[in-house]
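K.L.:
One structure follows; several queries about it will come next.
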Amino acid sequence: MVEAILKDKKKILPCAAYLQGEYGISGLYVGVPVKLGAKGIEQIIEIKLTAEEKAGLDKSAAAVKELCGVIGV
């Protein structure tokens with residue numbers, strides 16, 4: 001990750017990114033594919049998910065949201 005940023009490689013890697021509507025999720029940091037370059041996260045890559053994959057992502061996001069509520073974030 002550091003190399004992708006320092007060398008402006010524009011490399012696609014899985015990272016926790018703040019989503020603002022991508023994948024139907026808003027206001028949470030969720031692990032998704034992103035393009036990393038000199039500016040950090042330069043683009044969130046939205047890939048087509050199967051129904052099963054989307055359900056898994058939604059379940060993960062719901063767990064993150066619940067945890068944020070528990071810790072008061």
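K.L.:
What is the angle, in °, between the Cα long axis of helix 51-71 and the longest principal axis of the Cα atoms in the chain? Nearest 10 is fine, range 0 to 90.
P.N.:
The angle comes out at about 80 degrees.
K.L.:
Could you tell me which GluC sites (Glu not before Pro) in the chain are loop residues by DSSP with no more than 14 other beta carbons within 10 angstrom of their beta carbon? Kindly include the intermediate steps, with their values, before the conclusion.
P.N.:
On the way: sites: Glu3, Glu22, Glu42, Glu46, Glu52, Glu53, Glu66; in loops: Glu46.
Counting only loop positions with at most 14 other Cβ atoms within 10 Å, the GluC sites (Glu not before Pro) in the chain are Glu46.
K.L.:
Moving on. What is the calculated FRET efficiency for Ala63 to Lys10, with r their C-beta to C-beta distance and R₀ = 30 Å, to the nearest 0.05? Each step should come with its number before you reach the end.
P.N.:
Details: r = 31 Å, r/R0 = 1.03.
It comes to 0.45.
K.L.:
Using alpha-carbon pairs under 8 Å, 6+ residues apart, how would you state the relative contact order of the chain in percent? Present the calculation step by step, with values, prior to reporting the outcome.
P.N.:
Details: 102 pairs, mean separation 19.5, N = 73.
That works out to 27 percent.
K.L.:
Using a Cα distance threshold of under 23 Å, what count of lysine pairs results for the chain when pairs must be 8 or more residues apart or interchain?
P.N.:
Value for the chain: 15.
K.L.:
Let me ask you something else. Given Cβ point charges of +1 (Lys, Arg) and -1 (Asp, Glu) and nothing else, what value in debye, to the nearest 20, does the dipole of the range 2-71 about its Cα centre take?
P.N.:
Values: 10 positive and 9 negative charges, 54 e Å.
For the range 2-71, the charge dipole is close to 260 debye.
K.L.:
Checking the a/c ratio against 1.5 first, then a/b against b/c, what shape does the Cα gyration tensor give for the range 15-73? Write down the numbers at each step before the final one.
P.N.:
Details: a/c = 2.57, a/b = 1.21, b/c = 2.13.
Note, shape of the range 15-73 comes out oblate.
K.L.:
Next question. Within a 10 angstrom radius of the beta carbon, how do Cys15, Cys68 rank from fewest other beta carbons to most? It would help to have the intermediate numbers written out before the result.
P.N.:
Details: Cys15 18, Cys68 13.
So the residues, fewest neighbours to most, are Cys68, Cys15.
Every number in this text was worked out from the coordinates using simple rules, so none of it is lab data. Note that the structure is a prediction, hence the values are computed from the model and not measured. A quick note on method: Cβ atoms are made from the backbone with ideal geometry, for glycine too, and the neighbour counts reach across all protein chains shown.
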